[in-house]
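What follows is one structure encoded as structure tokens, with my remarks underneath.
The values are calculated or read from the model by the stated rules, or taken from the named source; none is laboratory data. All of these numbers come straight from a predicted model, not from anything done at the bench. Every residue, glycine as well, gets a Cβ built from its backbone with ideal geometry; the counts of neighbours run over all protein chains shown.
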């Protein structure tokens, strides 16, 4: 593609695979080294060890699972508290789970994501604009992912039922379908537009929206996003985050996209 970041991502994947291979090789060597020296101890052949080794192994596994579940519960409780406190500080209403049917609205826009669910819903604004911030989980491209997203509803989104995705170009694009030809431009070199209706999709992703996306890409804050535009609104999605600056960045981008709709 001629995109530096595209080739960089390929190098990163190759480096990860190589490092994983080295870890396996060295890990196997270390285990073999330890086994050769520890296995000579007489305790492994004693009657006491032969009697307790199975119950001890079972207890260790149970203890590990209990500790793991306790840690997960502790982290989730801290995460929930942090999200709720920040929402309160901003004057947003907060709901741990979807109690207003927001999922139905979002799934009309997320046309190509499977097993979508949302939680930690923060109502940022209601009125002429409806603006919601939420965390979500979904199945996409044979992988289960977690993200943070912003939904903006507005009468300006009159796509006539057409759904359009704007995603960052990288090496995974070879697995994507429904690509819209956006011609030769800086935007087309940086982003892919996906839709089952290419003609209206090109009209929806106008020059103003393209400029907004390119402007966001140039920000010093690295907050890679995908944008989904559909009936009645748009969703701006990034990786799961609790960082206040990234949350505000999502909200700002959602507002700018809404303002750029023609």
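Against the definition (in contact with a strand residue (DSSP E or B) (Cβ under 8 Å, 6 or more places away or on another chain) and not in a strand (DSSP E or B)), how does residue 106 come out, yes or no? Yes, satisfied.
Filter the range 53-84 down to the residues that are surrounded by 11 or more Cβ atoms within 10 Å (Cβ to Cβ) and free of Cβ contacts under 8 Å to residues at least 40 places away in the same chain, then identify the one that is nearest to residue 123 (Cα to Cα).
84
Taking the range 239-262 as the range and being under 16 Å from residue 132 (Cα atoms) and at pLDDT below 90 as the test, the residues that pass are 240, 241, 242.
Has the range 96-114 got at least one residue that is modelled with pLDDT of 90 or more and in contact with a helix residue (DSSP H, G or I) (Cβ under 8 Å, 6 or more places away or on another chain)? Yes, some residue in the range 96-114 is modelled with pLDDT of 90 or more and in contact with a helix residue (DSSP H, G or I) (Cβ under 8 Å, 6 or more places away or on another chain).
Can you find a residue in the range 118-126 that is assigned by TED's automatic domain parsing to the domain that holds residue 247, assigned to a loop (DSSP other than H, G, I, E, B) and without any contact (Cβ under 8 Å) to a residue 60 or more places away in the chain? Explain how you work it out, then say what you get.
If we filter the range 118-126 for residues that are assigned by TED's automatic domain parsing to the domain that holds residue 247, which is where we start, we get 118-126.
The next check asks that each one be assigned to a loop (DSSP other than H, G, I, E, B); those that pass are 126.
Now drop any that are not without any contact (Cβ under 8 Å) to a residue 60 or more places away in the chain, which leaves 126.
The answer is yes; a qualifying residue exists.
Quick check: is even one residue across the range 141-151 loosely packed, with under 14 Cβ neighbours inside 10 Å, over 25 Å from residue 216 (Cβ atoms) and touching a helix residue (DSSP H, G or I) at 6+ places or on another chain (Cβ under 8 Å)? No, the range 141-151 contains no residue that is loosely packed, with under 14 Cβ neighbours inside 10 Å, over 25 Å from residue 216 (Cβ atoms) and touching a helix residue (DSSP H, G or I) at 6+ places or on another chain (Cβ under 8 Å).
Hey, among 255, 156, which residue is under 23 Å from residue 120 (Cβ atoms) and either in contact with a strand residue (DSSP E or B) (Cβ under 8 Å, 6 or more places away or on another chain) or outside the structural domain of residue 79 (by TED's automatic domain parsing) (or both)? Lay out the reasoning, then the answer.
Values: 156 fails: under 23 Å from residue 120 (Cβ atoms).
When all the criteria are applied, what remains is 255.
The numbered conditions (1) at pLDDT below 90; (2) farther than 21 Å from residue 117 by Cα are all true for residue 89 except (1).
Residue-level check: of (1) buried (at least 17 other Cβ atoms within 10 Å of the Cβ); (2) out of contact with any strand residue (DSSP E or B) (no Cβ under 7 Å at 6 or more places or on another chain); (3) under 28 Å from residue 119 (Cα atoms), residue 210 misses just (3). Comparison of 180, 227, 193 shows that the only residue that is over 23 Å from residue 124 (Cα atoms), modelled with pLDDT of 90 or more and surrounded by 19 or more Cβ atoms within 10 Å (Cβ to Cβ) is 193.
Here is a check on your reading of the model: is residue 236 touching a strand residue (DSSP E or B) at 6+ places or on another chain (Cβ under 6 Å), crowded, with 19+ Cβ neighbours inside 10 Å, modelled with pLDDT under 90 and closer than 18 Å to residue 109 by Cα?
Values: touching a strand residue (DSSP E or B) at 6+ places or on another chain (Cβ under 6 Å): yes; crowded, with 19+ Cβ neighbours inside 10 Å: yes; modelled with pLDDT under 90: no; closer than 18 Å to residue 109 by Cα: yes.
Here the answer is no, as residue 236 does not meet what is asked.
Being crowded, with 16+ Cβ neighbours inside 10 Å and on the phi > 0 side of the Ramachandran plot holds for only one residue in 120, 138, and it is 120. From the list 163, 226, 208, the one residue that fits, being in the same structural domain as residue 247 (by TED's automatic domain parsing), in contact (Cβ under 8 Å) with a residue 40 or more places away in the chain, under 21 Å from residue 258 (Cα atoms) and over 20 Å from the mean Cα position of the chain (by Cα), is 208. Just one of the numbered conditions (1) buried (at least 18 other Cβ atoms within 10 Å of the Cβ); (2) within 13 Å of residue 148 (Cα to Cα); (3) in contact with a strand residue (DSSP E or B) (Cβ under 6 Å, 6 or more places away or on another chain) is not true of residue 204: (2).
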